């Protein structure tokens, strides 16, 4: 029996072919496997440490389909637990976030401290419990693995994973380029932004590293920037990164890196004068060196496989992707900012962020609606292969290019060229990791789908 | 990409106020019924896609603010320090959005949904003054999305500040509080 996942990726570099099958986006069996292997079987991003600054702070979230609470205990240590009472299963923590020394289950009153330890079982002494009950742990069940890299908190429900450092690999360098923007690190600007779209989660994962869509999906945004640049009297809105003095510039160089773990990065050089960091360029050069300072002012789109995206362009954005169904995805979007940023820079950052990244903004809705158009198009079931991973095929090379070497990183593949090349080979590493993770015999009892799904051969009507 | 969708008249924002903008004698505030009338005119202008009429209800320096939630029952307090879902420091920001919808360049705006706004429970939020009234109201906007022929609704609270200017009573500030803030796909000025 051929591997049902392997058949979805047509990867023949010698023939100049890399194709992704549409079933990867529409098959419920594939989705179930993704949830088991990627979201509930490996490292996923869960929260940022700045969301839980004080002892006993907590927030509730989801890993795959499973309810999770992240807590900071009395001594300041962070932990992540399945948010389910050991007694009868009820969710223990009900709020999105808060501060509590003791989490009390509202059903039968069992309580847990902020380290997840069972603190009390109501009327235990009178309960006539057998010794076997006492032998059980009654603590909240911690996730199998929990670790952080510079404030970015990750968890895995499976213990059988590499270290977080190994999982992140050189993606850490691009997290560094975010965290090191201020001597005092970064913070999440308060304000919840969350939206859903009727499309597969990988459409979001792809779009952020898809340079090809920018000019055709966002002409209304780019047109507005031109319109604002021409209206000299406008002082109601700060200029955006792409709004240089002479109008927009989109002809600059771009490049991409793909990493073996599935992470990917697309960069472009863009006019730096409007960048919120530009006024601090000299300080940055002195602190992190000229190479990294230059990279901080480039447009960078990072995917940390499978559920975290950090975009550094109009502003600094973190997106967390939560798949809900093969054709339904929730996105949580966060505005990141250097701690201690001055008021005018913060204001400019917020306006650029809202204009570009909000589901109520001037650009992201055009992306999100396009994902839905793709998902609707995927219902054209007789078409098997997408043609969206072919640009850059004759330029991409294995390992590090000059740009990777200057950063000291070792990607699986690199490419660079004119902006208009709009490389799509950046998706290759992502889908190679996807195929490897879904196809591998993990010994986890999760069977790969064995039944044929959507017909994959054209039939005569 | 040159398709132009939005119907309705075009022109400078000050040119085409809708019929029925309320007035009050000099030295007297708007009566509550008249102030409510202005809110209803705004709702109709949006639903009729008469964007110029809609813009004409705003002073040129009007602030339009849709704060984000910072906790389950807390809203952003300052648009310059915390995140907003939408923030326009002047009417020009709303004109940007109308331009975008009309440009035919935004796939998110094609086709535009049909909408029905309902504004209710309008009260004075502060003692009215001869040239300024503050209002609080409840709103619902039903959105009928035409690609899928499906309906959803946004709902929340409005806070309007109306002031008397050269042209008469107009909106000086509007805050839109959105209660159901897990947004299905997208949201723009015409669905809140």
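With respect to (1) in contact with a helix residue (DSSP H, G or I) (Cβ under 7 Å, 6 or more places away or on another chain); (2) crowded, with 16+ Cβ neighbours inside 10 Å, the lone exception for residue A:70 is condition (1).
Considering (1) within 26 Å of residue A:281 (Cα to Cα); (2) surrounded by 17 or more Cβ atoms within 10 Å (Cβ to Cβ); (3) touching a strand residue (DSSP E or B) at 6+ places or on another chain (Cβ under 9 Å), the lone condition that residue A:155 does not fulfil carries the number (1).
In a helix (DSSP H, G or I), modelled with pLDDT of 95 or more, farther than 14 Å from residue A:217 by Cα and assigned by TED's automatic domain parsing to the domain that holds residue A:213 - does that describe any residue in region A:358-375? Yes, region A:358-375 has at least one match. For region B:144-188, name all the residues that are within 15 Å of the chain's Cα centre (by Cα), within 14 Å of another protein chain (Cβ to nearest Cβ) and more than 19 Å from residue B:90 (Cβ to Cβ). Those that are within 15 Å of the chain's Cα centre (by Cα), within 14 Å of another protein chain (Cβ to nearest Cβ) and more than 19 Å from residue B:90 (Cβ to Cβ): B:154, B:156, B:177, B:178, B:187.
Yes/no matrix, rows are residues, columns are (1) touching a strand residue (DSSP E or B) at 6+ places or on another chain (Cβ under 9 Å); (2) more than 16 Å from residue A:361 (Cα to Cα); (3) touching a residue at least 40 places away in the same chain (Cβ under 8 Å):
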position: B:57; (1), (2), (3): yes, yes, yes
position: B:62; (1), (2), (3): yes, yes, yes
position: B:67; (1), (2), (3): yes, no, yes
position: B:71; (1), (2), (3): yes, yes, no
position: B:74; (1), (2), (3): no, yes, no
position: B:79; (1), (2), (3): yes, no, no
position: B:83; (1), (2), (3): yes, no, no
position: B:86; (1), (2), (3): yes, no, yes
position: B:97; (1), (2), (3): yes, no, yes
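In region A:310-322, the condition of being outside any loop (DSSP other than H, G, I, E, B) and more than 19 Å from the chain's Cα centre (by Cα) is met by no residue. Flag set for residue B:114, criterion: away from every other protein chain (no Cβ under 14 Å) and surrounded by fewer than 19 Cβ atoms within 10 Å (Cβ to Cβ). The residues in region A:345-365 that are farther than 15 Å from residue A:208 by Cβ, more than 9 Å from chain B (Cβ to nearest Cβ), surrounded by fewer than 24 Cβ atoms within 10 Å (Cβ to Cβ) and out of contact with any strand residue (DSSP E or B) (no Cβ under 7 Å at 6 or more places or on another chain) can be counted, and the count is 2. Scanning region B:30-50 turns up no residue that is more than 12 Å from the chain's Cα centre (by Cα) and within 14 Å of another protein chain (Cβ to nearest Cβ). Scanning region B:67-78 for residues that are at the interface with chain A (Cβ under 7 Å from one of its Cβ atoms) and crowded, with 19+ Cβ neighbours inside 10 Å yields B:68, B:69, B:76. When residue B:167 is tested against (1) surrounded by 14 or more Cβ atoms within 10 Å (Cβ to Cβ); (2) touching a residue at least 40 places away in the same chain (Cβ under 8 Å), only condition (1) is not met.
Scanning region A:366-375 for residues that are surrounded by 22 or more Cβ atoms within 10 Å (Cβ to Cβ) and more than 7 Å from chain B (Cβ to nearest Cβ) returns A:367, A:371.
Counted as qualifying within region B:109-192 are the strands (runs of 3 or more DSSP E) with 2 or more residues that are over 22 Å from residue A:196 (Cα atoms) and touching a helix residue (DSSP H, G or I) at 6+ places or on another chain (Cβ under 6 Å), namely B:114-124, B:132-145.
Taken as a whole, region A:295-305 holds at least one residue that is assigned to a helix (DSSP H, G or I), over 19 Å from residue A:22 (Cα atoms) and assigned by TED's automatic domain parsing to the domain that holds residue A:224.
Do we have any residue at all in region A:118-139 that's in contact with a strand residue (DSSP E or B) (Cβ under 8 Å, 6 or more places away or on another chain), surrounded by 17 or more Cβ atoms within 10 Å (Cβ to Cβ) and under 18 Å from residue A:46 (Cβ atoms)? No.
The values are calculated or read from the model by the stated rules, or taken from the named source; none is laboratory data. Source: prediction; values computed, not measured. Cβ coordinates were reconstructed from backbone atoms using ideal geometry, including for glycine residues, and neighbour counts include every protein chain displayed.
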